[in-house]
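**Q** Mind looking over this structure? Questions follow.
The values are calculated or read from the model by the stated rules, or taken from the named source; none is laboratory data. Computed from a prediction, not measured in an experiment: that's the story for all the values here. Cβ placement follows ideal geometry from the backbone for every residue including glycine, while neighbour counts extend to all protein chains displayed. All accessible areas refer to the heavy atoms of the entire protein, side chains included, with ligands and DNA or RNA removed. Shrake-Rupley method; radii C 1.70, N 1.55, O 1.52, S 1.80 Å.
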Amino acid sequence: NSILMNDKKPKKLIVRRFTIDKVPKLKIEKGFKTPIEKGWFNSNNNELKPCKEYDVDYICSKRSGIIAVDLDFYSKKGKERYDPINNPKHKIFYDTFGVDIIDVIKRFDTYTQKTINGGVHLIFRHDDRIQQTSNNDYKIDTRGGSTNGYVKQYECINDTYIKQIPQDLLEFLET
């Protein structure tokens, strides 16, 4: 006896690959972090490009399909990287996810940007369990998740598909 309904073959599982070019963007005031348009979180425009009049940010929300994990492991004053040996919080992160930021990027293998100050944005698929936060102890911010947020569009340093956030990183962010 067949366990398939009506003896039909099961349908193929289709895995949709998600790339950054599908993510909606918004206009931001040049040199600021303020959206130009009201209702920006409803934007479907994924074709915006930075220009003289405005900057462009990626929308992080359930609707856009992404969240961002912003690793600010540098000193804003001198823009020097924090030494994980002198910062116990960074040491915990690196002990868990890799010896340096390059290891971290390789481990998560998701779309990644280098920020202007030397940090990185790890872009993952949307997950409602993420809360938009800023953590000054770890210097890790999250954008999107259960709320609307956005991150600046910067230079891509790992141009690959946007992956699901790994369970171990999700648990780390919850602590």
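**Q** If you scan region 29-66, which residues turn out to be of a type in the set (D, E, K, R), within 14 Å of K152 (Cα to Cα) and surrounded by 13 or more Cβ atoms within 10 Å (Cβ to Cβ)?
**A** Passing the criteria: D55, D57.
**Q** Pairs please, first residue from region 86-102 and more than 18 Å from T112 (Cα to Cα) and free of Cβ contacts under 8 Å to residues at least 60 places away in the same chain, second anywhere and open to solvent by less than 70 Å² (accessible area, probe 1.4 Å) and in a helix (DSSP H, G or I), Cβ atoms under 9 Å, 6+ apart in sequence or on different chains.
**A** Cβ pairs passing all conditions: I92/F172.
**Q** Hey, any hits in region 83-100 for a residue that's modelled with pLDDT under 95 and under 26 Å from D55 (Cβ atoms)?
**A** No: zero hits.
**Q** Return only the number of the condition from (1) modelled with pLDDT under 85; (2) of a type in the set (D, E); (3) surrounded by 22 or more Cβ atoms within 10 Å (Cβ to Cβ) that E80 does not satisfy.
**A** (3)
**Q** If a residue must be under 15 Å from D128 (Cβ atoms), in contact (Cβ under 8 Å) with a residue 40 or more places away in the chain and in a helix (DSSP H, G or I), how many such residues does region 149-175 contain?
**A** 3
**Q** Restricting to region 142-157, name every residue that is hydroxyl-bearing (S, T, Y) and open to solvent by less than 50 Å² (accessible area, probe 1.4 Å).
**A** If the condition is that a residue be hydroxyl-bearing (S, T, Y) and open to solvent by less than 50 Å² (accessible area, probe 1.4 Å), then T142 is the only one that fits.
**Q** For region 121-141, which residues satisfy the criterion of being closer than 20 Å to I28 by Cα and crowded, with 23+ Cβ neighbours inside 10 Å?
**A** Within region 121-141, H121, I123 qualify.
**Q** Right, next: In this structure, does V104 turn out to be assigned to a helix (DSSP H, G or I) and either among the aromatic types (F, W, Y) or at pLDDT 90 or above (or both)? Don't jump to the end; show me each part of the working.
**A** Details: assigned to a helix (DSSP H, G or I): yes; either among the aromatic types (F, W, Y) or at pLDDT 90 or above (or both): yes.
In short, yes.
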